[in-house]
Amino acid sequence: MGRAVAHAVCADPALELVAALDPHFEGIDIGEVTGVAGCAFPVSSELAELSRANVDVAIDFTHVEAARSNLDYCAANGIHAVVGTSGFTEADFPAIEAMFTTSNCLIAPNFAIGAVIMMRFAEIAAPYFETAEIMELHHDGKVDAPSGTAMSTLERMAKAKGDWPEDPTQKETIPGARGARGPGGIPVHSIRMRGMVAHQEVLLGAAGQTLSIRHDSYDRESFMPGVTLAAREIANVPGLTIGLDGVMGI
């Protein structure tokens with residue numbers, strides 16, 4: 001993701017790549033690490049490099065523990081933050097919101113614009129259907145399940161409709177066969193498989209009809225238009241924003 005972000009930022013005429021942090025590549029030139037042309041600075045492992053390089057917006061795709069520290073630094077130093085790291089929960093948001101008083105922060109479970117629209121469509125459809133389930137499919141290196149996108153979709157659907165009917169299944173031949181229960185009691189199924197990137201299907205059913213809303217990301221490049229959009233617009237979205245919807249206006 002870091003390499004993809006570096007290429008996307010360099011390709012956007014409204015953005016300039018001025019710093020990169022990764023302890024695994026400390027001291028190595030950014031061009032050698034990512035293959036981007038037109039940039040010449042060493043990768044750093046120190047957060048202070050963000051200030052030395054006069055960074056306006058930091059883009060974070062790390063691990064949640066590291067991201068919390070990174071956000072502390074950004075908030076304390078007036079740097080906007082665009083975050084795609086998975087693992088944040090509702091319990092994290094009040095503290096993050098309280099920190100960002102002189103700069104802004106956007107945390108998105110998914111930066112693929114099609115995925116954001118998929119979640120919005122599911123939210124709109126929810127009140128009109130009687131049953132729903134979510135299946136999310138990701139590469140086998142993903143560490144959390146369900147995905148942040150699935151959790152966000154579940155929360156939005158539950159809020160739009162309230163509680164959904166109870167599962168009529170009386171016996172699971174194999175425990176867990178009906179998946180986990182998310183907000184509103186909506187079943188969610190997580191698949192981890194080599195060859196996949198990020199995919200989600202929302203299935204809704206009512207008498208005599210079903211609706212399937214699916215989004216597929218086949219390459220990490222699919223996230224980059226959303227990342228660069230957020231980097232360009234974050235200065236105009238005060239405080240903490242959850243989801244790319246806030247800069248898309250949907």
Charges only on Cβ, +1 for Lys and Arg, -1 for Asp and Glu: so what's the dipole of the range 1-137 about the Cα centre, in debye to the nearest 20?
220 debye
Please build a GNM for the chain, connecting alpha carbons under 10 Å apart, and tell me which residue among Glu233, Glu172, Glu201 fluctuates the most.
Glu172
Along the charge dipole of the chain, Cβ charges K/R +1 and D/E -1, which of Pro165, His63, Ala231 sits furthest on the positive end?
Pro165
Alpha-carbon centroids, the range 162-197 and the range 120-144: separation in whole Å:
11 Å
Mind checking the full-extension length gain between His139 and Tyr218? Use 0.36 nm per residue of separation minus the Cα-Cα distance, one decimal, nm.
27.4 nm
Please list the three semi-axes, largest first and in whole Å, of the ellipsoid equivalent to the chain, using sqrt of 5 times the eigenvalues of its alpha carbon gyration tensor.
36, 19, 16
In nm, the gap between the two label points placed 7 Å beyond Cα toward Cβ at Thr173 and Asp29 is 6.1 nm
Suppose a student asked you for the relative contact order of the chain, using Cα pairs under 8 Å spaced at least 6 residues apart; what percent would you report?
22 percent
In debye, nearest 20: dipole of the chain around its Cα centre with unit charges on the Cβ of K, R (+) and D, E (-)?
520 debye
Expressed in nm to one decimal, what extension gain is obtained for the pair Thr210 and Ala98 from 0.36 nm per residue of sequence separation less their Cα-Cα distance?
36.1 nm
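Read-outs throughout are calculated quantities, based only on the coordinates presented, and are distinct from any laboratory measurement. If you're wondering where the values come from, they're calculated on a predicted model, not measured in any experiment. We place every Cβ from the backbone using ideal geometry, glycine too, and count neighbours over all the protein chains shown.
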